[in-house]
1. How many of the residues making up the range A:121-153 are small (Gly, Ala, Ser), surrounded by 17 or more Cβ atoms within 10 Å (Cβ to Cβ) and over 19 Å from residue A:72 (Cβ atoms)?
2. Working only within the range B:58-80, note down all residues that are over 17 Å from residue A:69 (Cβ atoms), touching a helix residue (DSSP H, G or I) at 6+ places or on another chain (Cβ under 7 Å) and crowded, with 24+ Cβ neighbours inside 10 Å.
3. Looking at the range B:97-109, can you tell me whether even one residue there is closer than 19 Å to residue B:13 by Cα and either at pLDDT 95 or above or within 14 Å of chain A (Cβ to nearest Cβ) (or both)?
4. Return the only residue of B:51, B:60 being under 11 Å from the mean Cα position of the chain (by Cα), among the small types (Gly, Ala, Ser) and at pLDDT 95 or above.
5. Quick one: in the range B:138-181, which of the residues that are more than 14 Å from chain A (Cβ to nearest Cβ) and among the polar types (S, T, N, Q) is surrounded by the most Cβ atoms within 10 Å (Cβ to Cβ)?
6. Taking the range B:107-122, which residues are loosely packed, with under 14 Cβ neighbours inside 10 Å and outside any helix (DSSP H, G or I)?
7. Can you pull out the residues in the range B:49-59 that are facing another protein chain (nearest Cβ under 7 Å) and touching a residue at least 24 places away in the same chain (Cβ under 8 Å)?
Amino acid sequence: MDERTTAALHWPDTIYGQFQRVGIRQVGYVPDAGLSRLIELCVKDPNIHDVVLTTEEEGVGLLAGAALGGQRAALLMQSSGVGNCINMFSLIRNCGFPCLVVITMRGEFAEFNPWQVPMGSITEASLKLCSFLTYRVEDEDDVDSVVGAGCDMAFGSDLPVAIVLSQRLIGRKEWTR
Amino acid sequence: MLDRREFVQELLVDRKDLAVVSGLGSPTYDVAACGDHPFNFYLWGAMGSAAMIGLGLALAQPALRVLVLTGDGEALMGLGSLATIGVKQPANLVIVVLDNQHYGETGMQPSHTRAGIDLVAVAKACQFADALHVSKIGAVSQIRDLVHSGRGPILVQARISSGAVPRVLPSRDGHAVKLRFMGAVSRLTPDA
């Protein structure tokens, strides 16, 4: 098992550790292979309401409702899901809800499917247009500090924050079967 | 057919700590017409999100009764969320769709329900605990009971007449409405 493979097994646990630290109580997600371990950890946690969504935009409403009820929430999605959320993000901006989105990238490093490229190539720019702070993670050594900082900005400052996990971090092995 | 203002007025009588999320357009005006309330969260946009806001709130506050009051067009835009709610089975969530079979805010174009698309059947297929049609004001006390004590998730498709009613406009300041709502929740559950 090489170093990257070992690390690839650990970054989801690192993110989950940050979720626990800041008290995330609801997690909405559309499944993604890159997120499968993190989703599994959240589903197993009896203190987290895991909500599988039919489309990512549902998660924006979920997160707003959680905040109204005094709970912290996070959304997990693949980069293609960002495009599905654009109008719903108006809820975040107009009301100043904290918003933490963890995004696994497709359509970049070692992508084999050209259909992933159009949305993947504009994911970060789209998020910025929607007034998100975006923090991109390329190296597994940065996951803990970047996700921790993002959580603190989202919930300490009531801001929309996107953690963008690069396809290189997630690991190309997953995509070449 | 129901008069929308009369129906909503009767539905919200003695509402106590009922939380109300109103879908954009006329449902927001209908709720505002009953008087402003800290437990009202008015939507003026984000079409299709009302039911999911209700779900997030219902999961966060299981002791709070949550009513999503929305229109047929708004409900149709968030149809997938009925499946999501069906998976989670929130016992404290009720969705009332004020169905005039038209997009009232944009010039009364017919909606899918006009063609017979049945939201009650969709809710049942999505494993809602209960789903029913209502079209007579005499049934409103039964619906009010469901809102306050029925086991959710419940969807009520309320057939209202499509006549125009005066607009009653609540605050469009999302920050202010949110903070007031959160303050009301925290007073209810100080340790939340």
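The values are calculated or read from the model by the stated rules, or taken from the named source; none is laboratory data. In this text, all values refer to a predicted model and were calculated from it rather than measured experimentally. Reconstructed Cβ throughout: ideal geometry from the backbone, glycine too, with neighbour counts over all protein chains shown.
1. 1
2. Within the range B:58-80, the subset over 17 Å from residue A:69 (Cβ atoms) is B:69-80.
Okay, now just the ones that are also touching a helix residue (DSSP H, G or I) at 6+ places or on another chain (Cβ under 7 Å), so B:69-72, B:74-76, B:78-80.
Result: B:69, B:70, B:71, B:72, B:74, B:75, B:78.
3. Narrowing the range B:97-109 to residues closer than 19 Å to residue B:13 by Cα: B:97-98.
Cutting the leftovers down to either at pLDDT 95 or above or within 14 Å of chain A (Cβ to nearest Cβ) (or both) gives us B:97-98.
Checking the range B:97-109: at least one residue is closer than 19 Å to residue B:13 by Cα and either at pLDDT 95 or above or within 14 Å of chain A (Cβ to nearest Cβ) (or both).
4. None of the other options fit; the residue is B:51.
5. Taking the candidates together, the pick is B:157.
6. B:107, B:108, B:109, B:110, B:116
7. Applying the first criterion (facing another protein chain (nearest Cβ under 7 Å)) to the range B:49-59 yields B:49, B:52-57, B:59.
Those that are facing another protein chain (nearest Cβ under 7 Å) and touching a residue at least 24 places away in the same chain (Cβ under 8 Å): B:49, B:52, B:53, B:54, B:55, B:57, B:59.
Listed here are the residues, each with its yes/no results for (1) touching a Ser or Thr at 6+ places or on another chain (Cβ under 8 Å); (2) of a type in the set (Lys, Arg); (3) farther than 23 Å from residue B:182 by Cβ.
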| position | (1), (2), (3) |
| --- | --- |
| B:55 | yes, no, no |
| B:67 | no, no, no |
| B:72 | yes, no, yes |
| B:82 | no, no, yes |
| B:104 | yes, no, yes |
| B:118 | no, no, yes |
| B:130 | no, no, yes |
